[in-house]
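Inspection log for the structure reproduced underneath, given as structure tokens.
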Amino acid sequence: MAEEKSKLQRLLEQGEFVVSGEIGPPKSAAGDGVRQHTEELKPYVDAMNLTDNQTAIVRLSSIAAGIHVISAGGEPIIQMTCRDRNRIALQSDLLGAYSLGVRNVLCLSGDHQSFGNHQAAKNVFDLDSVQLIKTVRDMRDKKVFHSGEAIKKDEPKFFIGAVANPFADPFEFRVLRMEKKIRAGAQFIQTQCIFDMERFEKFMDLARKRGLHEQTYIMAGVMPIKNAKVAKYMQKNVSGMLVPDWIVERLQKAEDQTAEGVQICIEQIQHLKTIPGVRGVHIMAVAWEEIIPTIVKGAGLLPRPQ
């Protein structure tokens with residue numbers, strides 16, 4: 001098998017400020033777009049998230065997309081959600097992904113099917129995200145399946161990630177929720193998109209007081225906004241995401257709203273680099289992957305470590 005530790009894990013352990021990007025798999029069986037994005041992004045990011053049927057819309061599987069990333073010379077982070085698979089299927093897919101060279105996995109509950117294009121689909125949620133994290137850790141460290149049966153050979157030694165939303169209510173519970181995931185086995189955390197820096201500073205202060213920044217690697221999520229219309233939509237319609245009024249107003253006043261949105265994202269990254277306990281950024285340029293190199297350059301994050 002390939003080297004057990006992923007590039008992402010090695011860089012974080014070395015103390016590097018890491019950068020990950022996100023690639024949305026297509027709503028088709030074509031992998032050429034994923035490979036093209038990988039070629040474009042690999043000089044600028046250390047790893048690439050492959051979403052797992054995000055917003056409950058059918059897309060190329062995150063595992064298949066991850067293999068396309070590997071074939072193009074990139075480092076995949078596959079997302080795995082609990083919405084569509086029971087514990088048998090989840091563990092089977094984990095074994096399959098590891099056997100094909102995937103080393104990073106991000107464990108999520110998954111968006112409810114009512115958000116997507118198959119609203120009559122039955123959800124599964126046999127495990128929740130915390131239970132999935134523990135299952136992956138037990139497969140790796142204890143060499144056992146969820147049932148307790150031993151894995152006799154070639155256990156999957158994943159670098160395990162989880163997500164955190166610093167902005168959902170109740171606010172005080174968000175750090176405790178993240179701590180539960182860390183105790184279950186989450187070695188790195190990627191947060192929801194951050195626009196309200198003041199609130200995120202409070203979240204990180206609470207995390208540091210509990211010593212969580214020393215128990216996991218926290219990567220702050222950022223997202224470039226193309227225009228004021230998008231910012232207003234996110235303000236009103238995307239739960240768990242806080243977009244301050246000043247961002248909407250700044251975009252409205254800008255001569256070039258798209259360029260201004262990119263500049264805001266760059267400034268956010270520069271701010272995040274100064275917050276103790278933040279070990280990297282995760283850039284979520286939804287359906288806009290080609291802007292990630294511009295953001296990475298503008299934020300002074302080049303050259304990337306090897």
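The values are calculated or read from the model by the stated rules, or taken from the named source; none is laboratory data. Owing to the predicted nature of the structure, the values given are computational and were not obtained by experimental measurement. Cβ coordinates were reconstructed from backbone atoms using ideal geometry, including for glycine residues, and neighbour counts include every protein chain displayed.
Before moving on, here are some points about what is shown:
- None of 203, 167 is assigned to a loop (DSSP other than H, G, I, E, B), in contact with a helix residue (DSSP H, G or I) (Cβ under 8 Å, 6 or more places away or on another chain), in contact (Cβ under 8 Å) with a residue 12 or more places away in the chain and farther than 19 Å from residue 87 by Cβ except 167.
- Tally, over the stretch 79-113, of residues that are within 12 Å of residue 54 (Cα to Cα) and either over 16 Å from the mean Cα position of the chain (by Cα) or not in a loop (DSSP other than H, G, I, E, B) (or both): 8
- Comparison of 234, 241 shows that the only residue that is closer than 29 Å to residue 111 by Cα, part of a helix (DSSP H, G or I) and modelled with pLDDT under 95 is 234.
- Residue 191 meets the conditions (1) crowded, with 23+ Cβ neighbours inside 10 Å; (2) among the hydroxyl-bearing types (Ser, Thr, Tyr); (3) not in a strand (DSSP E or B) in every case but one. The failed one is (3).
- Positions within the stretch 274-306 being of a type in the set (Ser, Thr, Tyr) and assigned to a loop (DSSP other than H, G, I, E, B), in sequence order: 274
- Qualifying residue in the stretch 175-185 (condition: in contact with a helix residue (DSSP H, G or I) (Cβ under 7 Å, 6 or more places away or on another chain) and basic (Lys, Arg)): yes
- Any chance residue 218 is among the β-branched types (Val, Ile, Thr) and touching a strand residue (DSSP E or B) at 6+ places or on another chain (Cβ under 8 Å): yes
- Whenever a residue of the stretch 33-60 is over 18 Å from residue 290 (Cβ atoms), its partners that are of a type in the set (A, V, I, L, M) and in a loop (DSSP other than H, G, I, E, B), lying with C-beta atoms within less than 8 angstrom and at least six residues away or across chains, give the pairs 56/121; 60/29; 60/30.
- Which numbered condition residue 257 misses (of (1) farther than 17 Å from residue 22 by Cβ; (2) surrounded by fewer than 16 Cβ atoms within 10 Å (Cβ to Cβ)): (2)
- Condition check for residue 219: part of a strand (DSSP E or B) and under 24 Å from residue 130 (Cα atoms): yes
- Against the test of being over 26 Å from residue 217 (Cβ atoms), crowded, with 20+ Cβ neighbours inside 10 Å, touching a residue at least 40 places away in the same chain (Cβ under 8 Å) and touching a helix residue (DSSP H, G or I) at 6+ places or on another chain (Cβ under 9 Å), the options 247, 269 yield a single qualifying residue, 247.
- Residues that are over 18 Å from the mean Cα position of the chain (by Cα) and within 26 Å of residue 84 (Cα to Cα) within the stretch 16-62 comprise 27, 28, 29, 30, 31, 32, 33, 35, 58, listed in sequence order.
- Complete set of residues in the stretch 73-105 that are surrounded by fewer than 21 Cβ atoms within 10 Å (Cβ to Cβ), among the hydrophobic types (A, V, I, L, M, F, W, C) and in contact (Cβ under 8 Å) with a residue 60 or more places away in the chain: 95
- Picking from residues in the stretch 39-59 that are modelled with pLDDT under 95 and in contact with a helix residue (DSSP H, G or I) (Cβ under 7 Å, 6 or more places away or on another chain), the one that is nearest to residue 192 (Cα to Cα) is 55.
- Residues located in the stretch 3-39, provided they are surrounded by fewer than 12 Cβ atoms within 10 Å (Cβ to Cβ) and either among the hydrophobic types (A, V, I, L, M, F, W, C) or assigned to a strand (DSSP E or B) (or both): 29
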